[in-house]
Amino acid sequence: MSTIESPRPAVILREAAKPRPRWQVILVRPETVTFLLLIIATIVATRLSPFFADLGFILESSTYYVEFAIVALVLTIVIISGEIDLSPAAQMALSACLFGTAYRAGAPIPVAILVSLVSGLAMGAFNAFFITVLRLPSIIVTIGTLILYRGLAQVLAGDKSIGSFPGWFVGIDYRMIGIVPVPVMIFIIASVLLGLFLGITILGRQIYQIGTSEVAAIHAGIRVRRIKFGLFLASGLTSSIAGLLTASRLGSVRYDLASGGELTMVLIVMLGGTYIFGGRGSILGTFLAAWLLVIIATGMTVANIAINAQLTVMGLLLIVSIIATNAIYARSQR
Amino acid sequence: MSSIARLLRAREAGILVMLVLFALVVGLIQPRFLTAETLRIVLLAVPLIMVAAMGQMMVLVARHVDLSIGSILGFSAIAAGMIFRDHPDWPLFIGFGVALLSGALLGLFNGLVVTLFKLPSIIVTLGTLSLYRGLLFILSGSKQIDPNDIPEPLIKMAQTSPIDIPWIVIIAFGVALATHVFLTYSQIGRQIYAIGSNPAAAPLRGIRVMPVTILVFTLSGALAGLAGIIYAARFGYVNPGITGVGFEFTVIAAVVIGGVSINGGVGSVAGTVLGVLFLGAVQVALPILGVSGFWQNAIYGGIILIALVIDRTVRQGGLRGLLARGGA
């Protein structure tokens, strides 16, 4: 065939919509909603208990959630790229248990830390292999690896906890930089760096394009699979760092470390207004949402609501936040 | 159509071969595995998973997933257990009714949120997994239903029946048979497959996707509720912090091993039953082989991944297709 008749592209002709007024572009954004909620929650909490007016108290209580918040930053980028990772909490447990096992076997702490970090990369690569090479859906792959990693942690540690780490390793949440605990500082610095990465680098913008339309991204020459592979590697590495922070805070590791963490992480990302179908969202939103969660959870604890009953609120919050985010994006798309 | 049927048959044959091979290998190492006693233990271990797996299978066939069934199981078991504890004179069927109804209502809520707001079921049910667990803590006041609160006749159902096979086994296989008839011969059953095969085409063929999807989630919830009362019968207690925790993953493992495709539209009761039996056999084989029970979850996770790769290989036409480059 010498002449190929190209099929006529189906162009839908319609008038370009009027640009929305600038105030609307800025105000009708999920991040703005998160920010408003954060202010409201803070005001309510301050009236509830004078503790909340004290920044030190908020920073101190945030150390319980900041490990999840750090992973949630990377999870935000994974979700923007159109994938999902449900396994980070299990990765935190397995890498922390590997750290504990290596230490118990006589390895010095730095070596044990290295083992834990390498295991994080390996777990991320394992996820990425199934998702980018075998092209299986990340939802179900990471459900499978979630069970596998948590199960391996159980094989390693049994039902006992591994502890008695040296004093300098334990209690990182009590080490301060100014008035900010070290893990919270890590979270803040990681937020700034990842926010810049996603916002102004070429790679960052390419991730948005992958999430918006993967087919278009491939045609635009973006190395989709390589980028996604890298994102899952980053997720694994960050999870192992978060696992180490948790091990340091608790002073011991068990196979059920960070259990239920997948909900908290997804909740933070969704509260921050990242679009579950990919292509939209921001690190700023996740950053604000992490503080919102800290205020809400601490507020409930101060109000004497049992941790178990708090699950109800967290679950409802997740559902309400995706409904709200989807509604906002549906409006702004017209 | 005939090619799909052939594929299905091949899938089930594959699982059957896997199950038989597994039993033979374990039997070679430990001959006492291949006895009627083992079969009895396996059959006693699986009703809980099988009942819930029937619901999860329908959800997966409709191209959704239900992560909340563990919490629904716990909620229904607590609700029924509280009836037994507070009203020991009420007949047994009221407990069954409460378990089924509460399960169905929680499932209905899942279905409504997923369809009304067009949200991905994985996130919604991750949320309700936590929501229902919290509710059951509030409902029970964090108190366990003790063994002496579970009525004697209910415990007996996990041990015997007039024909010597425990009632819970009969119920589980009865549910499987009913699900098979529903999915194969009823109009709605076929529509579930149509929705899962092609969600965009289904409404064009006049299928009302929303009510059918809501029904599927409601059924999944009701069956998890039934599993809740089976739990009470078999274990003789209900604990708000233990009952049903992580159960959703065991069920998903069973269903995926059973050849139900995560891409929707493919799956059968026969395959799911085999998948459930396979998990039961693994569970019983571990202690016989002297392997620590701590291995169970790791093995389940590994089996899910292997089953996914097999599913992918079948659809891609062999290993070459599996690793072929290009596409998304």
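No value in this document is a laboratory result; all are computed from the given coordinates. If you're wondering where the values come from, they're calculated on a predicted model, not measured in any experiment. Cβ coordinates were reconstructed from backbone atoms using ideal geometry, including for glycine residues, and neighbour counts include every protein chain displayed.
Binning at 10 Å from 0, report for segment B:181-328 what percent of all alpha-carbon pair distances ends up in each bin.
Using 10 Å bins, I get a P(r) of 9, 29, 34, 21, 6, 0 for segment B:181-328.
Among B:S261, B:S68, B:S186, which one moves the most in a GNM of chain B with springs linking Cα atoms closer than 10 Å?
With Cα springs under 10 Å in chain B, the top fluctuation among B:S261, B:S68, B:S186 is at B:S186.
Dimensions of segment B:146-187 along principal axes (Cα, Å, largest first)?
Result for segment B:146-187: principal-axis Cα extents of 45, 24, 9 Å.
Filter chain B for me: DSSP H helices, axial length by Cα at least 20 angstrom, mean Kyte-Doolittle hydropathy not below 1.6. List them by residue number.
Flagged H segments are B:2-29, B:47-61, B:92-116, B:121-140, B:167-185, B:209-235, B:269-289.
Using only the Cα atoms of segment A:171-231, what do you get for the radius of gyration and for Dmax, in Å?
According to the Cα coordinates of segment A:171-231, Rg and Dmax are 16.7, 50 Å.
Which residues in segment A:56-85 have a backbone N closer than 18 Å to a point placed 7 Å from the Cα of A:V180 along the Cα-to-Cβ line?
Inside the label zone: A:56-74.
Could you check which residue among B:L119, B:L16, B:L108 shows the biggest mean-square fluctuation in a GNM of chain B with a 10 Å Cα cutoff?
Ranking B:L119, B:L16, B:L108 by mean-square fluctuation puts B:L119 first.
Given the convex hull of the Cα atoms of segment B:45-315, what is a quarter of its surface area in nm²?
Spelled out: convex hull of the Cα atoms, projected over all directions, averaged, 14.9 nm².
List, largest first, the extents of the alpha carbons of the protein assembly as shown along their principal axes, each in whole Å.
Here the spans come out as 77, 73, 51 Å, largest first.
Computed FRET efficiency, Cβ-Cβ of A:D54 and A:K160, R0 41 Å: what is it to the nearest 0.05?
Taking R0 as 41 Å, the efficiency between A:D54 and A:K160 is 0.60.
With the Cα gyration tensor of chain A in hand, convert its eigenvalues to equivalent ellipsoid semi-axes via √(5λ) and list them largest first in whole Å.
36, 28, 16
Considering only A:G211, A:G158, A:G273, give the residue with the highest GNM mean-square fluctuation for chain A, with springs between Cα atoms whenever their separation is below 10 Å.
A:G158
Calculated from DSSP H runs of 4 or more alone, at -39500 (n - 2.57) each and per residue, what is the 222 nm mean residue ellipticity of the protein assembly as shown, nearest 500?
Result for the protein assembly as shown, helices only: -23500 deg cm²/dmol.
For B:A36 and B:S292, FRET efficiency with R0 = 22 Å and r from the beta-carbon atoms, rounded to 0.05?
Efficiency computed from Cβ-Cβ geometry: 0.25.
Enter the angle in degrees (range 0 to 90, nearest 10) between the Cα long axis of helix A:261-271 and the first principal axis of the Cα atoms of chain A, meaning the one along which they spread out most.
Rounded to the nearest ten degrees, it is 40.
If the convex hull of the alpha-carbon atoms of segment A:64-203 is projected onto planes in all directions, what is the mean projected area in square nanometres?
10.0
So what is the diffusion coefficient of segment B:234-293 in µm² per second by Stokes-Einstein at 4 °C and 1.567 mPa s, using a Kirkwood Rh over Cα pairs?
The Stokes-Einstein estimate is 98 µm²/s.
A:R205 versus A:V111, label points 7 Å from Cα toward the beta carbon: distance in nm?
For A:R205 paired with A:V111, the spin-label model returns 4.8 nm.
Name all residues of segment A:185-206 having a backbone nitrogen under 11 Å from the label point set 7 Å from the Cα of A:L121 along its Cα→Cβ direction, giving them as ranges.
none
On C-alpha positions alone, give me the angle between the axis of helix A:283-302 and the longest principal axis of chain A, in degrees, nearest 10.
Its long axis makes an angle of about 40 degrees.
Between helix A:182-200 and chain A, what is the angle of the helix's C-alpha long axis to the longest principal axis, kept within 0 to 90° and rounded to the nearest 10?
Between the helix axis and the principal axis of chain A, the angle is about 10 degrees.
To the nearest 20 debye, what charge dipole does segment B:45-315 have about its Cα centre, counting +1 at the Cβ of each Lys and Arg and -1 at the Cβ of each Asp and Glu?
Magnitude of the dipole: close to 840 debye.
Could you work out the per residue convex hull volume over the alpha carbons of segment B:195-244, in cubic angstrom?
Hull volume over Cα atoms, normalised by residue count, gives 95 Å³.
Taking beta carbons within 10 Å but only from partner chains, what does the mean come to for residues A:270-276?
Other-chain Cβ atoms within 10 Å of each residue's Cβ, averaged: 1.
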